[in-house]
Amino acid sequence: MVDFSWTGFLETFIQFFVIMDPFVSIPAFLSVTKKFTNLDKIAAANKAIIVAAIPILLFAFAGTFIFGWFGITISDFKIAGGIILVLLGIELVLNLDFGDKDSKDPSASAIIIGVPLITGPGVITITILSVASYGILVTLFAGFLSLFLTYVLLRQAAWLQNTLGKDTLDILSRVMGLLLTAVAISFITSGIGELSSKAITNILASLK
């Protein structure tokens, strides 16, 4: 019987949802699809979510192999991934842009919403770390639930923006960014602590 940690599921789901931050994707989706028919908007949302799901599946199943191939440890990735998440959090909180996500091609823009806007380095980081901590089942359930909720929000993007307003969406996105930064710092401190503990253990062992 496969163990399923509901605590791990809830923790991973929150991390996924915070990092995916659909409140950032909604304005981008509306901009890309403003001249689309309703059917085209649905197709664009479908494409964005399918594209976003691919990296989660890839790194959930192949992340361990990739780590072994390059000689990377989970502690290493916690630090490196944490730094990336800090940058993403700062980007959201301060409304900065560390990368070009614009495209004149509507089809390409829908793909860009999927990757890297919904699933970027942060989601890949959470996927790998969650698999290491809670297993593939918890990770995929949490990731796909986050994708499903993001998909629902994209389908209701126009209604949400009209109801909540751009300012409210911006505030929600900044709150998500603050939470993301806190998660990132916890990853970095955990990774440094693990590496430091290992180094101290090795030093003490060499002195015996």
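The values are calculated or read from the model by the stated rules, or taken from the named source; none is laboratory data. Model, not experiment: these values are computed from the prediction. No Cβ is skipped: glycine too gets one built from the backbone with ideal geometry, and neighbour counts run over all protein chains shown.
Just give me the residues in the range 33-62 being at pLDDT below 90, in a helix (DSSP H, G or I) and surrounded by 12 or more Cβ atoms within 10 Å (Cβ to Cβ), in sequence order. Give the derivation first.
Quick first cut of the range 33-62, residues at pLDDT below 90 only: 33-44.
Applying the additional criterion that residues be in a helix (DSSP H, G or I) yields 38-44.
Once the filter is applied, which keeps residues that are at pLDDT below 90, in a helix (DSSP H, G or I) and surrounded by 12 or more Cβ atoms within 10 Å (Cβ to Cβ), the range 33-62 yields Asp40, Lys41, Ile42, Ala43, Ala44.
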Total residues in the range 138-152, condition closer than 11 Å to Ile56 by Cα, buried (at least 24 other Cβ atoms within 10 Å of the Cβ) and not aliphatic (A, V, I, L, M)
2
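A quick yes/no check of all residues on (1) within 14 Å of Thr119 (Cα to Cα); (2) of a type in the set (A, V, I, L, M, F, W, C):
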{"residue": "Ile54", "(1), (2)": "yes, yes"}
{"residue": "Phe61", "(1), (2)": "no, yes"}
{"residue": "Gly68", "(1), (2)": "no, no"}
{"residue": "Thr73", "(1), (2)": "no, no"}
Which condition from (1) under 30 Å from Leu39 (Cβ atoms); (2) in contact (Cβ under 8 Å) with a residue 60 or more places away in the chain is the one that Leu180 breaks?
(1)
Run down Leu178, Leu96, Leu137, Leu204 and say which single residue is modelled with pLDDT of 90 or more and among the hydrophobic types (A, V, I, L, M, F, W, C).
Leu137
